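Below is one structure, written out as structure tokens, with a few remarks after it.
Every number here is computed from the coordinates shown, using simple stated rules; none is lab data. Just so we're clear, the structure is a prediction, and the values are computed from it rather than from any experiment. FYI the Cβ positions are ideal-geometry reconstructions off the backbone, even for glycines, and counts take in every protein chain you see.
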Amino acid sequence: MTQMNQAMIEKYRSSFLKEVETNVEEGHWVKMCMQCGVCSGSCPLGPHWEHPPQEIFMMIRANKRDEVLKSSSMWFCTSCYNCIARCPRGLPITHIMHGLASYSKKLGLAPKSQPTESFGQIFWNSIASNGRVNELKIGLALQFKDGFGQGVKNAMAQKDLGMAMMKTKRMNPMEFFGGHTCKDKSGIARMLKKAQEVEDQHIANYGAGK
Ligand code: SF4
Ligand code: SF4
């Protein structure tokens, strides 16, 4: 268990709702849900989620911390905004789903090898270290994320797509040896560090949603 997760369990022992309100983007909206189910019925992927949005909000209020934060459900949100457009209470459901996913990752509770989580981490690593996305390396990292053998199988299955991207100059094999970077990589690192400090301070002062 990560130190941060342990600290949060101790701090919010009596109320997971309070923890969400303080630490999850737009989490202070959860208490406004009236459990009508419109969001779950409108979500194109809802039937495939372990817990659709309305159920997640109910579980937060029922103190089901582990079940919510370890769930893969919110990682499936595609930001289609159907739920937000239809919620009679105007909850920013999409943002809460992404907020919950991001918070579970911060605590080390996100499901391992969940594809969206893996893609997000690989994308972030690329852009945070270079200031630019290296598309070839991102593609390779995704194909090989489950080991070398599986990576070779994945690459063979998608070789036609890869060749077509190279022919149309959508992917450059030379990116493997470095690729595009921004001019001031250390400046990017300083900017991201400062942004994290500002965000941490804001959460400490006002909570995540204000
Ligand atoms: S549509 Fe809005 S009020 Fe209804 S269950 Fe979903 S979040 Fe709650
Ligand atoms: S924004 Fe996310 S939660 Fe809302 S309907 Fe679309 S996929 Fe479902």
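How far apart, in nm, are two points set 7 Å out from the Cα along the Cα-to-Cβ line at Leu161 and at Ile127?
In this crude spin-label approximation the distance works out to 2.0 nm.
Just to confirm the number: angle between the C-alpha axis of helix 93-106 and the first principal axis of the chain, 0 to 90 degrees, nearest 10?
70 degrees
Stretched out fully, how many nm does the piece from Met1 to Ser186 gain, at 0.36 nm a residue minus the Cα gap?
Result: 63.4 nm gained on full extension.
Mind listing the lone cysteines of the chain, meaning no other Cys beta-carbon sits under 4.7 Å from theirs?
By the Cβ distance rule, which asks for a partner under 4.7 Å, the isolated cysteines are Cys33, Cys36, Cys43, Cys77, Cys80, Cys87, Cys182.
Compute for the chain: radius of gyration divided by Kirkwood radius, i.e. Rg/Rh, restricted to C-alpha atoms, rounded to two decimals.
1.02
Among Met165, Gly147, Met191, whose Cα projects farthest towards the positive end of the dipole of the range 115-196, with charges put on the beta-carbon of Lys, Arg (+1) and Asp, Glu (-1)?
Met191
If you take every residue apart from Asn125 with its C-beta less than 14 Å away from the C-beta of Asn125, what net charge results, scoring Lys and Arg +1 and Asp and Glu -1?
Once positives and negatives cancel, what remains is +3.
How many times 2.2 N^0.38 Å is the alpha carbon radius of gyration of the range 3-111?
0.99
Can you show me the helix-derived [θ] at 222 nm for the chain, built from DSSP H runs with n ≥ 4 at -39,500 (n - 2.57) apiece and divided by the number of residues, rounded to the nearest 500.
Computed mean residue ellipticity for the chain: -17000 deg cm²/dmol.
Quote the charge dipole size of the chain about the Cα centre in Debye, to the nearest 20; the model charges only the Cβ of Lys and Arg (+1) and of Asp and Glu (-1).
Using only the charged Cβ atoms, the result is roughly 360 debye.
Before anything else, pin down the relative contact order of the range 115-196: Cα pairs under 8 Å, at least 6 apart, normalised by residue count, whole percent.
37 percent
Taking θ as phi - 60°, what are the ³J(HN,Hα) couplings along the range 20-26 by the Karplus curve (6.51, -1.76, 1.60), each to the nearest whole Hz, with x for Gly and Pro?
5, 4, 8, 10, 10, 3, 6
Is the range 1-65 best put as rounded, prolate or oblate by its Cα gyration tensor, with a ≥ b ≥ c the root eigenvalues, rounded for a/c under 1.5, and otherwise prolate when a/b is larger than b/c, oblate when not?
Prolate, since a/c reaches 1.5 and a/b exceeds b/c.
Below 8 Å between Cα atoms, with a sequence gap of 6+, how large is the relative contact order for the chain in percent?
So the answer I get is 24 percent.
Going down the table (Lys137/Lys183; Lys64/Lys137; Lys145/Lys167), which pairs top 27 Å between alpha carbons?
Pairs exceeding the cut-off: Lys64/Lys137.
Can you tell me how much longer the chain between Glu199 and Thr168 gets when fully stretched, taken as 0.36 nm per residue apart minus their C-alpha distance, in nm with one decimal?
7.1 nm is the gain from fully extending Glu199 to Thr168.
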